[in-house]
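The structure appears right after this line, and notes come after that.
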Amino acid sequence: NIFSGLAGQIAFREFLKTEYSEENILFWLACEEYKKIKSTPKMISTANKIYTEFVQVEAPKQINIDCGTRENITKNISQPNINSFDNAQKMIYGLLARDCYPRFLKSEIYQSLLRR
């Protein structure tokens, strides 16, 4: 898991800020918290918050997912469930693991983490 350990997670997030792609880890973390929700009203409000912040077109922290996944979330956002963001979360995790994380491992931020 590329997010194991709080210090590593914080360092990775700092690295993503330098790449202007912090929205990816923020979305992934929001989805993890969303999956823990047991109350339906809270699930609905949190799903809408995640949608407006990360998923909808022109969202302040819009994530890079394919239009089919975005359309599917949009179509079902009025009746969210525990799996509403699973496909998008998997895509973002793949993007982070495949593209961002290897660059992070070569970064000065990571090197300074190792020296601690």
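Numbers for the structure displayed
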| quantity | calculated |
| --- | --- |
| Percent RCO, i.e. relative contact order, over the chain, from Cα pairs under 8 Å lying at least 6 residues apart | 33 percent |
| Angle in degrees between helix 22-34 and the longest Cα principal axis of the chain, rounded to the nearest 10 | 50 degrees |
| Reachable aspartates and glutamates from residue 106, criterion Cα separation under 20 angstrom, eight or more residues apart if same chain | 14, 19, 22 |
| With Cα atoms, 0 to 90° folded angle of helix 6-18 axis to the chain main axis | 90 degrees |
| Tilt relative to the chain, helix 86-95 - C-alpha long axis, 0 to 90 degrees, to 10 | 20 degrees |
| Computed over segment 21-100, Cα set: Rg, Dmax in Å | 11.7, 36 |
| Choice from 98, 70, 13 with maximal GNM fluctuation in the chain (Cα, 10 Å cutoff) | 98 |
| Eligible lysines near residue 36 by straight Cα distance, threshold 19 Å, same-chain separation 8 or greater | 49, 90 |
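Coordinate-derived values only; no laboratory data. What you see is a predicted model, and the numbers here were worked out from it, not measured in a lab.
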